[in-house]
Amino acid sequence: MSADALTAQHYIQHHLTNLTLGLHPEHGLSFARSSAEAAEMGFWAIHVDTIFFSLLLGGLFLWFFKSVAEKATAGVPNGAQNFVEWIVDFVNENVRGSFSGQNPLVAPLALTIFVWVLLMNTMDLIPVDLLPFYFQHLMATFGADPHHVFFKVVPTTDPNTTFGMALVVFFLVLYYSIKIKGVGGFVGELTLQPFGKWGMPANLVLEGISLLSKPVSLALRLFGNLYAGEMIFILIALMYGHNLIMDVSGGLMQLAWAIFHILIVTLQAFIFMVLTIVYLDMAHQHH
């Protein structure tokens, strides 16, 4: 949507609103036509754009790695095979360096997290108006008002995505903590340290906060960095369409921020992967 068609406030709000499907108190099952309507749909509303791009990028990851694996040779690898082998070796080195237990799930999980999060983060490098512009025109052919069509293309700027992944990791941590240490061992870690049996209430509070902070920190770190990055791209986009100096300045700032943002999208995927490995390693250790 053009920045000229809306005020700056509405332009920003439009770009930060998901394409939301849910049960509205007045309109029934429908797409939200504003951020207020999306909020009124409640907890069970679905962010269609987030789910679409998450599944699309996850499917792209699986298809690419599967196709390369099927064509892999023992001789000199081609470019695609060499690229995939480099990523696999990179993930394996991090698993060997951070995970001391024996679990065949950890390396595939780390690979999936790293590549999938990286792909979702990379969507932030697409110009903020490009895909929403074409989607709005597509929906306009079906009679939709472009001002009521929302389309966010970066899944990791949606806290539902980041908290969903973080909760999966958290449940795996709980599962392996109980499986490896037993219920008694797991409860003992929460209640008997660091002050011993006489400090059980304080121990439970401290260790409980430490345990619950794991999924929260995983989710908010990824969401916060990508949301802030997307916001900066949106603010730069507001510079276009005023005069030549603003257009040139906006283009240079967008290029500079995109180059710097490549580091951010890669680093956040790496941090999410490494923390997952570390948390699972802690779950496998006997105190």
Förster radius 41 Å - calculated FRET efficiency between residue 63 and residue 238 (Cβ-Cβ, nearest 0.05): 0.65
Cβ crowding within 10 Å averaged over residues, with 49-58, 206-215 ranked highest first: 49-58, 206-215
Coarse-grained scattering of the stretch 119-258 at q = 0.19 Å⁻¹, given as base-10 log I(q)/I(0) from a Debye sum over alpha-carbon atoms: -1.12
Net dipole in debye of the stretch 146-287 [+1 Lys, Arg Cβ; -1 Asp, Glu Cβ; about Cα centre; nearest 20]: 360 debye
FRET E, pair residue 231, residue 174, Förster distance 25 Å, beta-carbon r, rounded to 0.05: 0.15
Principal-axis tilt of helix 48-70 within the chain, Cα atoms, nearest 10 degrees: 60 degrees
Partners for residue 197 among lysines (Cα-Cα distance below 21 Å; same-chain residues under 8 apart left out): 181
In degrees, nearest ten, helix 200-237 long axis to first principal axis of the chain (Cα): 20 degrees
Phi to ³J(HN,Hα) by Karplus 6.51 cos²θ - 1.76 cosθ + 1.60 over the stretch 245-254, Hz, x for Gly, Pro: 4, 5, 5, 5, 4, x, x, 5, 5, 5
Distance between modelled label sites at residue 44 and residue 13, nm, 7 Å Cα→Cβ extension: 2.8 nm
The chain: relative contact order in percent, alpha carbon pairs under 8 Å with at least 6 residues between: 25 percent
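Taking each pair of different alpha-carbon atoms in the chain once, compute 1/r for the pair, average those values, and report the inverse of that mean as the Kirkwood hydrodynamic radius in Å to one decimal.
21.7 Å
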Value at 222 nm in deg cm²/dmol, rounded to 500, when DSSP H runs of n ≥ 4 in the chain each add -39,500 (n - 2.57): -24000 deg cm²/dmol
Reach of residue 66 by Cα under 16 Å, taken over aspartates and glutamates that are not fewer than 8 positions away in the same chain: 85
Dmax and Rg, reported as Rg then Dmax, of the stretch 1-71 (C-alpha, Å): 17.2, 54
Amide proton proximity set for residue 24, modelled H, under 5 Å, gap of 5+: 29, 30
Those aspartates and glutamates that a straight Cα-Cα span of less than 16 Å connects to residue 179, excepting residues fewer than 8 apart in one chain: 189, 281
Enclosed volume per residue, in Å³, of the convex hull spanned by Cα atoms of the stretch 83-143: 126 Å³
Rounded to 10°, Cα long-axis angle of helix 79-98 versus longest principal axis of the chain: 40 degrees
Net charge dipole size for the stretch 3-284 [Lys, Arg +1 and Asp, Glu -1 on Cβ; Debye, nearest 20]: 860 debye
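Only the coordinates and a few stated rules stand behind these numbers; no lab work does. Note that the structure is a prediction, hence the values are computed from the model and not measured. Positions of Cβ are generated from backbone atoms using ideal geometry, with glycine treated the same way; all protein chains shown enter the neighbour counts.
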